[in-house]
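Following: one structure in structure tokens, then a few remarks.
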Amino acid sequence: MSLLKRCVAEIIGTFLLVFFGAGAAAITLMLASGVETQTEFNIGIGYFGGLADWLAIGLAFGIAIAGAIYALGRISGAHINPAVTIALWASKRFPTGEVAPYIIAQLIGASLASILFFACTGPEAVLIGGLGATAPFHGISYTEAILVEAIGTFLLMLVIMGVAVDKRAPEGFAGLIIGLTVAGVITTTGNIAGSSLNPARTFGPYLGNTLLGGSNLWEFFPIYIIGPIAGALIAVFLYDWLNSE
């Protein structure tokens, strides 16, 4: 399979993740618009049922990710996440020359998703929903946000290694298990720092907000680079150590 076709697959896969996943977060905020929240920790998400809202958002991400893996995994591997690509490269499972094209494709897919989500839903998607952009919630420090993103991505990458990368993994379960893992992580950690687990997932809504007149959240972007990449790297090397002779 040519690099071009694999990059197009990465664009499509990351598009699906952000359009339906981040889109679900934006829709939740739009539904809760104008309703008084009980605490500063609650910015709209959670009003309709607390963790039930985050479970719904997590499932939207999980189903989109599972669909992308089953549809596109045989073409590009369905990384759809720069942290995954970097971790596979660092462990010598992915060629150096293809890292940048994959990451660029993922960023393009995420950006197109945010812009087209706005085209489908109108200004409220930006002004109220923030295009589903991630940011630390009330009382969460920069360091705490990085830590929770690292922990969440650590679990995600560990599962990817076990069900998708390891040749001993049973066939046919990767998409389902990875999708459910993402849903579970988001349900628990979404109300801490947004549970991005993916630099591209945060980049797309941030760029969309910048282009379409939304909030400027770029000061938080390093959280969603450092946390996910650190978590993915720790997971891949720990997995290799655990499986070494």
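The values are calculated or read from the model by the stated rules, or taken from the named source; none is laboratory data. Being a predicted model, the structure only gives us computed values, none of them experimental. FYI the Cβ positions are ideal-geometry reconstructions off the backbone, even for glycines, and counts take in every protein chain you see. We work out accessible area using only protein heavy atoms, side chains counted, and drop any ligands, DNA or RNA first. Shrake-Rupley method; radii C 1.70, N 1.55, O 1.52, S 1.80 Å.
Step by step: first the residues of the stretch 44-60, then only those that are open to solvent by less than 60 Å² (accessible area, probe 1.4 Å) and in a loop (DSSP other than H, G, I, E, B), then the one that is modelled with the highest pLDDT. Which residue is that? That would be GLY50.
Considering the conditions (1) under 13 Å from ILE223 (Cα atoms); (2) free of Cβ contacts under 8 Å to residues at least 60 places away in the same chain; (3) of a type outside the set (S, T, N, Q), GLY97 is excluded by exactly one of them, (1). Please enumerate the residues belonging to the stretch 221-245 that are under 22 Å from ALA105 (Cα atoms), of a type in the set (Phe, Trp, Tyr) and out of contact with any Pro (no Cβ under 6 Å at 6 or more places or on another chain). Scanning the stretch 221-245 gives a single hit, PHE221. Of everything listed in (1) of a type in the set (A, V, I, L, M); (2) closer than 20 Å to TYR102 by Cβ; (3) open to solvent by 40 Å² or more (accessible area, probe 1.4 Å), the single unmet condition for ILE234 is (2).
Among the residues of the stretch 107-123, write down those that are in a helix (DSSP H, G or I) and in contact with a Leu (Cβ under 9 Å, 6 or more places away or on another chain). Across the stretch 107-123, the qualifying residues are LEU107, GLY109, ALA110, SER111, ALA113, SER114, ILE115, PHE117, PHE118.
Give me the residue from the stretch 80-90 that is in contact (Cβ under 8 Å) with a residue 24 or more places away in the chain and open to solvent by 20 Å² or more (accessible area, probe 1.4 Å) and, out of that set, nearest to GLY21 (Cα to Cα). Step by step, filter the stretch 80-90, then rank; the result is ILE86.
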